[in-house]
Amino acid sequence: MTDTPDTKYPDRSRPGARRLGIGLIAAALCLGPLAALAQTQIYDARTKKWVDYDKKKARQYFARNNQVPEAFRRQAVPFRTAEKPGTIIIDGNQHFLYLVQPGGQAIRYGIGVGREGFGWAGIVRVGRTAEWPTWTPPAEMVARDPNAAKWAAGMPGGPDNPLGARALYLYEGDQDTIYRIHGTVEPWTIGLDVSSGCIRMNNDDIVDLHSRVEIGAKVIVLMQGAALYKGV
């Protein structure tokens, strides 16, 4: 089967797919009861079976191979869409980010997405970008996370910063949504539901994406069952 999802009906049969992912969000805040997220699964070519892929197994895999499973590594793929080249399309269920290219192609990157209660979908844009960005946790995170509270005034960019090497800041119109596409100091988490709503990539991939993306680029975030930040 070819990897040729379009923006309305993304391919849900590829390695790395989460069979049924459900998350809800209201604007930039987490509100209301949430349905349980289904387990992330990847295809094991050795056994020819789908296997659960959780945090423990992800760390074990990364420790053995010093990289994520093949499905989540950067690669060029066929991609059918009416969106113009330069558009970013995120399939949160499969943990893939696609950068649309000319000629029915895209560059596909593996990503980590929002954990239960922090998944979202919508249409936004790249409002600005940064190299080795400062991390300033939002007030909601400061209130619930003691580790974030000490950086309430901002954590300088660097190798220990949770935003990693680069960040793309997602805006709706002229308003910062508080969501970012950014690097990570935990590359083994690619392919998992781990973040507070931001899209994380390994540092090599976010550096590559950052070098290709223009300010104002359209970003379409798809996630089955998620409430909309803005209508898709």
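The values are calculated or read from the model by the stated rules, or taken from the named source; none is laboratory data. Given the structure is predicted, the values throughout are model-derived calculations rather than measurements. Cβ atoms come from the backbone with ideal geometry, glycine included; neighbour counts cover every protein chain shown.
Which residue out of Arg166, Arg144, Arg128 is out of contact with any helix residue (DSSP H, G or I) (no Cβ under 8 Å at 6 or more places or on another chain) and modelled with pLDDT of 95 or more?
Result: Arg128 is the single residue among Arg166, Arg144, Arg128 that is out of contact with any helix residue (DSSP H, G or I) (no Cβ under 8 Å at 6 or more places or on another chain) and modelled with pLDDT of 95 or more.
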Options Tyr109, Tyr61, Tyr43: the member that is within 18 Å of the chain's Cα centre (by Cα) and not β-branched (Val, Ile, Thr): Tyr109
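Out of all the residues in region 147-163, which are modelled with pLDDT under 90 and over 18 Å from Ser195 (Cα atoms)?
Residues satisfying the conditions do not exist here.
Tell me, yes or no, whether region 185-195 has at least one residue that is within 22 Å of Val100 (Cα to Cα), of a type outside the set (Asp, Glu) and either surrounded by 22 or more Cβ atoms within 10 Å (Cβ to Cβ) or at pLDDT 95 or above (or both).
Step one: list which residues in region 185-195 are within 22 Å of Val100 (Cα to Cα), which gives 190-191.
Retained after the next criterion (residues that are of a type outside the set (Asp, Glu)): 190-191.
Those still in the list that are either surrounded by 22 or more Cβ atoms within 10 Å (Cβ to Cβ) or at pLDDT 95 or above (or both) too: 190-191.
Scanning region 185-195, I find at least one residue that is within 22 Å of Val100 (Cα to Cα), of a type outside the set (Asp, Glu) and either surrounded by 22 or more Cβ atoms within 10 Å (Cβ to Cβ) or at pLDDT 95 or above (or both), so the answer is yes.
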In region 68-91, anything assigned to a loop (DSSP other than H, G, I, E, B), touching a residue at least 24 places away in the same chain (Cβ under 8 Å) and closer than 22 Å to Val207 by Cβ is listed as Val68, Pro69, Arg73, Arg74, Phe79, Gly86, Thr87
Check Val221, Val213, Val207 and return the single one that is in contact (Cβ under 8 Å) with a residue 24 or more places away in the chain, among the β-branched types (Val, Ile, Thr) and in contact with a Lys or Arg (Cβ under 8 Å, 6 or more places away or on another chain). Val207
Listed residues Gly119, Gly110, Gly157, Gly92; which is of a type outside the set (S, T, N, Q), closer than 18 Å to Asp176 by Cβ and buried (at least 18 other Cβ atoms within 10 Å of the Cβ)? Gly157
For region 102-151, give me each residue that is assigned to a strand (DSSP E or B) and small (Gly, Ala, Ser). Ala106, Gly110, Gly112, Gly114, Ala121, Gly122, Gly127, Ala130
Take Asp54 and decide whether it is touching a Ser or Thr at 6+ places or on another chain (Cβ under 9 Å) and either on the phi > 0 side of the Ramachandran plot or modelled with pLDDT under 85 (or both). no
